[in-house]
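One structure is given here, and the rest of the page talks about it.
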Amino acid sequence: MAAIPIDDSVHHQTTLELEPKDLFDYSKRSQWLRAAVLGANDGLVSTASLMMGVGAVKKDMKAMILTGFAGLVAGACSMAIGEFVSVYSQLDIEVAQMKRDINRRDIVKAEVENLPNPWQAAAASALAFSLGAIVPLLAVSFIKPYKTRILVVVIAVTIALAVFGWLGAALGRAPYVKSTIRVVVGGWVAMGITYGLTSLIGIEAIH
């Protein structure tokens, strides 16, 4: 039987296809990326929702700003502590499992480098929350008319949510449109529910 000739150009092309330029493992970003995106979204949505909730029953600008600032500080601390405790628990579990796995000492040494970092997750979460929370605070700081103030908060938060949604998708190489829409719609729902329920409670309290 005659030997089948091998085209070197085809072989070379196949090799190149199997060696893409982008060999970075994006799953390695999942730890800090999750904390950062979650923190930014939470900072935007929770702070804006708090400010709009207070604004639903009290139209004073100072009340909204103080509420937003308190939400920023409390939320950043809460996110940092929550991420630290959560990731540290995961770290303890993985380290304990490695110690029990005596027969894999060489592999264990290599895996130590990939262990989660509680301090990194906490810092990323707190910083991202603070950056997100600053958006609605800045949006209302210089606007006195009540209706305009609420509208500006919604617009500013929507733009910021879209940016963070796109950025998270870009860093993790996820679908851009789906990620952005999911983040924006989720923020709208949270703000709408908070504003609506607070308005309802405020009306009931007056009567």
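Just a few scattered comments:
- Sub-6 Å Cβ pairs linking a first residue in the range 176-195 that is closer than 15 Å to residue 44 by Cα and free of Cβ contacts under 8 Å to residues at least 40 places away in the same chain to a second residue that is in a helix (DSSP H, G or I) and not β-branched (Val, Ile, Thr), at least 6 apart or interchain, are 180/162; 180/165; 180/166; 184/161; 184/162, ordered by first then second residue.
- When residue 67 is tested against the conditions (1) more than 24 Å from the chain's Cα centre (by Cα); (2) polar (S, T, N, Q); (3) at pLDDT 90 or above, the lone failure is (1).
- Checked against the criterion of being without any contact (Cβ under 8 Å) to a residue 24 or more places away in the chain, surrounded by 17 or more Cβ atoms within 10 Å (Cβ to Cβ) and closer than 23 Å to residue 62 by Cβ, the range 132-153 contains one or more residues that satisfy it.
- Any hit, the range 60-72, residues being outside any helix (DSSP H, G or I) and of a type outside the set (S, T, N, Q): yes
- Top-ranked residue of the range 29-50 - restricted to ones that are at pLDDT 85 or above and touching a Leu at 6+ places or on another chain (Cβ under 8 Å), ranked as farthest from residue 182 (Cα to Cα): 47
Table: residues versus (1) over 15 Å from residue 54 (Cα atoms); (2) not in a helix (DSSP H, G or I).
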| site | (1), (2) |
| --- | --- |
| 142 | yes, yes |
| 147 | no, no |
| 159 | yes, no |
| 165 | yes, no |
| 168 | yes, no |
| 179 | yes, no |
| 182 | yes, no |
| 197 | no, no |
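- Per this entry, residue 198 is counted among residues that are among the polar types (S, T, N, Q), over 30 Å from residue 87 (Cα atoms) and either surrounded by 13 or more Cβ atoms within 10 Å (Cβ to Cβ) or touching a Ser or Thr at 6+ places or on another chain (Cβ under 8 Å) (or both).
- Residue satisfying all of: in the range 158-181; over 14 Å from the mean Cα position of the chain (by Cα) and within 22 Å of residue 130 (Cβ to Cβ); surrounded by the fewest Cβ atoms within 10 Å (Cβ to Cβ) among these: 159
The values are calculated or read from the model by the stated rules, or taken from the named source; none is laboratory data. The structure presented is a predicted model; accordingly, all values stated were derived computationally and were not measured. Positions of Cβ are backbone-derived with ideal geometry, glycine not excepted, and every protein chain shown enters the neighbour counts.
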